[in-house]
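This report refers to the structure that appears directly beneath it.
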Amino acid sequence: MIADALRSVDPTGARAAEQETNWRAGYLTHVRRTVEAGLASRTAALQIATAGLDSLHARMRVAGPDGEHDLAALGTARAARELGTVEVRGEAEPERELSVPYRGRRLRGDDLHRRLVAWVEAGVIEPSCADAVRTVADHPEWLALPDRTVAVLGAGAEMGPLTALLRWGARVAAVDLPRAGLWQRVLDTGRRGAGTLLVPVGAAGDPAASAGADLIAEVPEVADWLSALPGAPVLGNYVYADGATNVRVSVAVDALTLRLTAARPDLALGFLATPTDVFVVPREAVDASVAAYAARSRPAKLLGRPLRTLSAGRLLRRAYLPGADPGINDSLVPQQGPNYALAKRLQRWRASVARAAGATVSMNVAPPTRTRSVVKNRALAAAYAGAHRFGVEVFEPATSNVLMAALLVHDLNTGGGPAHEHPWQDEAYAAAHGGLWRSAYAPRSALGLAAVLGLGAARS
């Protein structure tokens, strides 16, 4: 699929991907190439995204009781069951002011402004991210998203906006697997909130016991349910699974997106981009990183040279060549694997193509966050624990999901944010990358040392 994406723009890169003999270790180079090749022009970037999506839809298959079918069959397939709706109205008063939880406090007003300034000065978020959050704080009437229904796919996800949106008084349609424990938590969140929670159910009785749907197996069922809901629709993609299942559920969501777009042309899309990916970054981020590299402490400079020599240049490399405009930030993490990279690439491609077609799209880079899916990997947990030594701030889930929910609100109220000439600029706008873009070192060249330095903290 990577080869298909590159073929018309970068034939040499396509051949290199096809001839790769160790994809599990070698995919990093080829994923990066899809970003580099698209930098040539807006047309090139959209050609890569469109060809990659076309390849995905041509290659992936739907397996059912009656055999295999093209993925396109999900666009018109009949639903095997009809989902009903349970409505839960929150009992609290909606929050009328944006507040962000941070290190045991809730930041609002001047405190929130000072934290945004501190994050920008530390290189943790882009200035445009701070501007977008301030705009939402200045327009608290936006928080409830009146006249919209936000479908949160992956309602139980730690990084999802479900809790924040319900606290603000929004109408949220929750979709996740049919697991009673998960739905009990979601329903409790709805009751404690101030908004309206819509839950898909398959039968009468206890909602927690009959709620939910499996997106991998029930695209038609979920599509029919969502298309019938009131309000201007927003499809928020927050799904995650381990390994190859992550690709399958991401493909299912993409098929759902196409079916819903056909039924509801006013559909808006919401995504979270992972910071551990390859991005084109503005000259300002490059300059900040170059300045940080030049300002390293004397011990860091003394240790850096022998470490680079002993590692054949792999450790503590500078992130960018001075003067690069724009730069390429490669924060791919090998431990996350090619399935994860493919799932996130698919979302970014869909966001670019949908935005070019005129849809309202919210795609924002989220900060590194201590979610359960990350910290259960010992190497990543240790690297996150030591990341602060390299200018990277790792967020707690409570902070990340409110911050990203605020950016979603901003984008939905501003037509997807400002228009840009090139898709990379859309992705870079309002990025909350945690410092990965402005760190002195190329992220992978510092990852191992961060893990060593954070090992003790990660264990505790």
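The values are calculated or read from the model by the stated rules, or taken from the named source; none is laboratory data. The shown structure was predicted, so the numbers you read here are calculated from the model rather than taken from an experiment. All Cβ positions, glycine included, derive from the backbone under ideal geometry; neighbour counts span all protein chains shown. In case anyone asks, the SASA skips ligands and DNA or RNA and just uses the protein heavy atoms, side chains included. Shrake-Rupley method; radii C 1.70, N 1.55, O 1.52, S 1.80 Å.
Kindly indicate whether T274 is open to solvent by 60 Å² or more (accessible area, probe 1.4 Å) and of a type in the set (V, I, T).
Taking the combined requirement at face value, the residue does not satisfy it.
Restricting the search to region 213-226, which residues are buried (at least 18 other Cβ atoms within 10 Å of the Cβ), part of a loop (DSSP other than H, G, I, E, B) and of a type in the set (D, E, K, R)?
E218
Give me the pairs: first residue in region 38-64 and of a type in the set (S, T, Y), second residue at pLDDT 95 or above and open to solvent by 40 Å² or more (accessible area, probe 1.4 Å), beta-carbon distance under 6 Å, and six or more apart or on different chains, which are they?
From region 38-64, the pairs are S55/M1.
So which pairs qualify, if the first residue must be in region 108-126 and over 25 Å from V281 (Cα atoms) and free of Cβ contacts under 8 Å to residues at least 40 places away in the same chain, the second must be part of a loop (DSSP other than H, G, I, E, B) and among the aliphatic types (A, V, I, L, M), the Cβ gap must be under 8 Å, and the two must be at least 6 apart or on different chains?
If the second residue must be part of a loop (DSSP other than H, G, I, E, B) and among the aliphatic types (A, V, I, L, M), the pairs left are R108/L98; L112/L98.
Identify, from the list G304, G323, G313, the residue that is at positive phi, small (G, A, S) and modelled with pLDDT under 95.
Only one candidate qualifies: G313.
Counting only residues that are open to solvent by 20 Å² or more (accessible area, probe 1.4 Å) and in a loop (DSSP other than H, G, I, E, B), which one in region 178-193 is nearest to L229 (Cα to Cα)?
By that ranking, first place goes to P178.
Confirm whether G416 is open to solvent by 10 Å² or more (accessible area, probe 1.4 Å) and part of a loop (DSSP other than H, G, I, E, B).
So G416 fits the description; yes.
Whether any residue in region 386-393 is open to solvent by 10 Å² or more (accessible area, probe 1.4 Å) and modelled with pLDDT of 95 or more is what I want to check.
There is at least one residue in region 386-393 that is open to solvent by 10 Å² or more (accessible area, probe 1.4 Å) and modelled with pLDDT of 95 or more.
Specify which of the listed residues (L166, L145, L197, L229) is in a loop (DSSP other than H, G, I, E, B), hydrophobic (A, V, I, L, M, F, W, C), buried (at least 21 other Cβ atoms within 10 Å of the Cβ) and touching a residue at least 60 places away in the same chain (Cβ under 8 Å).
Of the residues listed, the single one that is in a loop (DSSP other than H, G, I, E, B), hydrophobic (A, V, I, L, M, F, W, C), buried (at least 21 other Cβ atoms within 10 Å of the Cβ) and touching a residue at least 60 places away in the same chain (Cβ under 8 Å) is L145.
Condition (residue is touching an Asp or Glu at 6+ places or on another chain (Cβ under 6 Å) and either in contact (Cβ under 8 Å) with a residue 40 or more places away in the chain or part of a helix (DSSP H, G or I) (or both)) applied to region 362-379: is it met by at least one residue?
Scanning region 362-379 turns up at least one residue that is touching an Asp or Glu at 6+ places or on another chain (Cβ under 6 Å) and either in contact (Cβ under 8 Å) with a residue 40 or more places away in the chain or part of a helix (DSSP H, G or I) (or both).
I need the full set of residues from region 103-120 which are basic (K, R) and in a loop (DSSP other than H, G, I, E, B), in order please.
Within region 103-120, R103, R108 meet the criteria.
Criterion first (modelled with pLDDT under 95, open to solvent by 30 Å² or more (accessible area, probe 1.4 Å) and part of a helix (DSSP H, G or I)) does A383 satisfy it?
The answer is no for A383.
Considering only residues that are among the basic types (K, R) and surrounded by fewer than 20 Cβ atoms within 10 Å (Cβ to Cβ), look in region 11-39 and name the one that is nearest to L332 (Cα to Cα).
Selected residue: R32.
Within region 324-354, work out how many residues are open to solvent by 40 Å² or more (accessible area, probe 1.4 Å) and without any contact (Cβ under 8 Å) to a residue 60 or more places away in the chain.
2
Among what's in region 55-77 and is buried (at least 16 other Cβ atoms within 10 Å of the Cβ), among the hydrophobic types (A, V, I, L, M, F, W, C) and closer than 21 Å to A354 by Cα, pick the residue that is nearest to the chain's Cα centre (by Cα).
L56
Taking region 40-54 as the search range and keeping residues that are open to solvent by 50 Å² or more (accessible area, probe 1.4 Å) and either over 20 Å from I328 (Cβ atoms) or not β-branched (V, I, T) (or both), which one is modelled with the lowest pLDDT?
A40
Looking at A80 and the list (1) at pLDDT 95 or above; (2) part of a loop (DSSP other than H, G, I, E, B); (3) more than 28 Å from the chain's Cα centre (by Cα), which single condition is not satisfied?
(1)
Just to be sure before I move on: is A228 farther than 30 Å from A262 by Cβ, among the small types (G, A, S) and more than 23 Å from the chain's Cα centre (by Cα) in the structure I sent?
No: the conditions fail for A228.
Read through the list (1) open to solvent by 20 Å² or more (accessible area, probe 1.4 Å); (2) touching a Leu at 6+ places or on another chain (Cβ under 8 Å), then give the number of the only condition that P265 fails.
Only one criterion is unmet by P265, namely (2).
Regarding R283, is this residue basic (K, R), modelled with pLDDT under 95 and surrounded by fewer than 19 Cβ atoms within 10 Å (Cβ to Cβ)?
no
Given the criterion assigned to a helix (DSSP H, G or I), crowded, with 22+ Cβ neighbours inside 10 Å and among the small types (G, A, S), identify the matching residue among A405, A430.
A405
What number of residues within region 200-212 satisfy the criterion of being in contact with a strand residue (DSSP E or B) (Cβ under 7 Å, 6 or more places away or on another chain) and assigned to a helix (DSSP H, G or I)?
Total satisfying the criteria: 2.
Are there any pairs, at least 6 apart or on different chains, whose C-beta atoms fall under 8 Å, with the first in region 1-24 and at negative phi and in contact (Cβ under 8 Å) with a residue 40 or more places away in the chain and the second among the basic types (K, R) and surrounded by 14 or more Cβ atoms within 10 Å (Cβ to Cβ), and if so, which?
Note: pairs meeting the criteria are I2/R33; L6/R33.
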